[in-house]
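To start, the structure under review is shown below, and the notes come after it.
The values are calculated or read from the model by the stated rules, or taken from the named source; none is laboratory data. This one's a predicted model, so the numbers in the text were calculated from it and none came from an experiment. Using ideal geometry, Cβ is built from the backbone for each residue, glycine included, and neighbour counts are taken over all protein chains shown.
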């Protein structure tokens, strides 16, 4: 590598050697701290910059010049960021320089350094480079690319940040070494200006790197100056700002007793301006110094007190003198802190004088006044100790108070005494003292420390206390606390919510039940102001309730809940002290009342139905049977046939009404069997599609799951038809009727759709229409019997009541949701069962089945029904024997010649009913088959008979075809 030595290169190399030497020296100084290490790095970076510039200028080949130019860039990139780090360390801003910020500061320099070293591949720093016209002793000619200008911008930004921090220190600092910051600022400004001129081509000599040359000359001088006066020994700016703002006076002296730093409070004490103090010896700057330091006779003491004249007023100062050593143990400086304690001294003096000057006050006081030293030894005690503790004052003086403290209170008392010794404020403590007679009393002691002193000396710390007997107060407090605890236990055990309000309706007390209720009703907790409960304002609740009630009713929605609120006023003298509110959640109670009322209505309807059903069904049975017989006659005229059909249809309608009443009262006999509700609904949809008006579209939606329930198909059919006809009437212009079937699993830990719905698998059937909807005021009554919104003659008001009763008989639930103008949805829940196969419901043939000459005994107390049944059976080719009651039937059996194949008996008769007749036949050993008939609902005894062989049930009124089929099935043993 060929190069030549010039004066510029020689000066640069000498500067490099000096910089490296200074860097090594500073780095090895352990007391220089982190700022010293960073400064050494800056010196090495400067050396790299100068060395690269010198060798670039002295090199003769293009390759060598480019190499040394890149080395120069390494130093150039380190210096700006290192400058920011050094300035923060120099001004005690190291707390700002955490690892994260150091990493962020290093990112761009590393990126720029990588770009410089690899410039040949991307040309982002300089796009081209060439030798100058005079290749020797000159620098490269480069076309700078955008990356170079970004790099220069970053460098000047870093230099500006460091300069800003340094200027801020210069403004805020009042120290003797503050000119060092000025030197640094001037140097960095000069170097920056020369570098800027160099970049824009205004350098003095194009053959010389002016910036590197200036760096080679100024950096060693700056470093020598900074090291010479030990910059790192300066007090930090951050600490200086604190000292400047302190109320206490602070003076910092170096090892030669020169004033290094003085804050404004200290300037006020000394009485001379800052310019006449800093840099001078303390004796010159403050002539009173020997007097101050002479108070203790020693210059290095922990603390002394001295009286000084400030602004013509004598003030007492607590002076703390703290020597500060350097890292090798030598005295570096001393910090003097002057704290004004004049007010405290005046208070202590006044307190001491009051105790000494007014002994009569201490003697007459009902409280015990005493003075103790820091060890708790009694120095003085008032005569009140006789009544308080039973000791004479002479017995107490010289005695340690700790020996009289209850063992359980001793630690807390000692802790309190310790605080009194170090804190100037008065404090109160409660503890137990041991009397001379052996009893313990509760006392409250208020104590404060005092520092005894005279004009010539400062005495020891003492504690003056005032002690009062609070035994009775403590007992009252304990009794009150116990009473409160009993009250709290009582309130917690009450099932209702109990709330106490003050005169401003603020919640003072609330038991746990009330706390939960308040979250729901008012969204407020204890301590808050109660403005409302649910839908009622608090002002309305605090007024007397309406006549006939002793409570207010509060309702909330979603889900709907009901509360009863009882309010009681609390009076304290002539004014209102507050109110007590008792809140009871009566939601379940109201629902129970509704269920009981509904059950009562059902019982009344059921009792009425049971009372009339038998006779009414007998009448209808005769009418229906005779009508069917007459309608089968061929000689009947067309007009008479129409009239007879009207009689038959009206009788059937009456029978239907009777069944609806029985369904509502849940007394209908049901024939429950496992059935697939999905298949059943599918058939029903097809039926409804044919029977409903064309404008109504019937839809059925269900999944692929199991939809088996234990139900009576006929009753389920009745539910579906009633709901479908209701939907038809609600959609006179047409619409959509939708059946949706799904499964619902009610978990144990989840709220069910109905409060008393048992956990398990349920089937949910939704029947929706798009009709006119139901008015809100009508909605609560739609399941009540005989309630209807239709015009007179258009409905009986029993359709939905029948649906409700059938659902309940299947242990199910029904709900309704409706919006006026939007439509209505009925939701039915039925218990699901898991059955792989089920029996299908077979329809009876409408054709009559003739007998084979068998003998049938008809036992019926109603003559019309008996005659009608006799005639219809005879037309079916049966021999018929009639009886009016069970007793007559037994007489006929005893005297009858031949066999009676079947007994067709009414269930309820005046002399002997069907059940008694059946039992008598069994006792006589007769195997005659028996079919029981009745218009009454099936009772418990009759249900047992259904499980026994030879007994079958037939509901009145019956159709002739149903009667014919049943008799044949019984006689042919198809029904047991």
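In table form, for the structure just shown:
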quantity	calculated
Single match in 71, 78 (criterion: in the same structural domain as residue 25 (by TED's automatic domain parsing), free of Cβ contacts under 8 Å to residues at least 60 places away in the same chain, under 19 Å from residue 22 (Cα atoms) and surrounded by fewer than 21 Cβ atoms within 10 Å (Cβ to Cβ))	78
The stretch 495-525, residues that are surrounded by 15 or more Cβ atoms within 10 Å (Cβ to Cβ), in contact with a helix residue (DSSP H, G or I) (Cβ under 8 Å, 6 or more places away or on another chain) and assigned to a loop (DSSP other than H, G, I, E, B)	496, 505, 511, 524
The one condition in (1) assigned to a loop (DSSP other than H, G, I, E, B); (2) touching a helix residue (DSSP H, G or I) at 6+ places or on another chain (Cβ under 9 Å); (3) assigned by TED's automatic domain parsing to the domain that holds residue 746; (4) modelled with pLDDT under 90 that residue 771 fails to fulfil	(4)
Residue in the stretch 558-577 that is surrounded by 11 or more Cβ atoms within 10 Å (Cβ to Cβ), touching a strand residue (DSSP E or B) at 6+ places or on another chain (Cβ under 8 Å), free of Cβ contacts under 8 Å to residues at least 40 places away in the same chain and not in a strand (DSSP E or B) present	no
Residue 327 being in the same structural domain as residue 440 (by TED's automatic domain parsing) and modelled with pLDDT under 85	no
The stretch 414-437, residues that are closer than 14 Å to residue 403 by Cβ and out of contact with any strand residue (DSSP E or B) (no Cβ under 8 Å at 6 or more places or on another chain)	414, 436
Of residues in the stretch 745-763 being outside any loop (DSSP other than H, G, I, E, B) and crowded, with 16+ Cβ neighbours inside 10 Å, the one nearest to the chain's Cα centre (by Cα)	746
Subset of the stretch 886-908 [farther than 12 Å from residue 855 by Cβ and out of contact with any strand residue (DSSP E or B) (no Cβ under 7 Å at 6 or more places or on another chain)]	887, 888, 890, 891, 894, 895
Lone qualifier among 66, 50, 85 - being in the same structural domain as residue 131 (by TED's automatic domain parsing), surrounded by 22 or more Cβ atoms within 10 Å (Cβ to Cβ) and at pLDDT 80 or above	85
Every residue from the stretch 700-731 that is more than 15 Å from residue 826 (Cα to Cα) and touching a helix residue (DSSP H, G or I) at 6+ places or on another chain (Cβ under 6 Å)	702, 707, 709, 715
All positions within the stretch 91-120 that are at pLDDT 75 or above, farther than 30 Å from residue 63 by Cα and touching a helix residue (DSSP H, G or I) at 6+ places or on another chain (Cβ under 9 Å)	102, 105
Identity of the residue in the stretch 526-537, under 20 Å from residue 495 (Cβ atoms) and at pLDDT 85 or above, that ends up surrounded by the most Cβ atoms within 10 Å (Cβ to Cβ)	533
Residue match in the stretch 817-837 (condition: at positive phi and modelled with pLDDT of 85 or more)	yes
Candidates 309, 337, 278, 292 - the one that is buried (at least 16 other Cβ atoms within 10 Å of the Cβ) and modelled with pLDDT of 80 or more	337
All positions within the stretch 944-976 that are touching a strand residue (DSSP E or B) at 6+ places or on another chain (Cβ under 9 Å), at pLDDT below 75 and in a helix (DSSP H, G or I)	945, 946
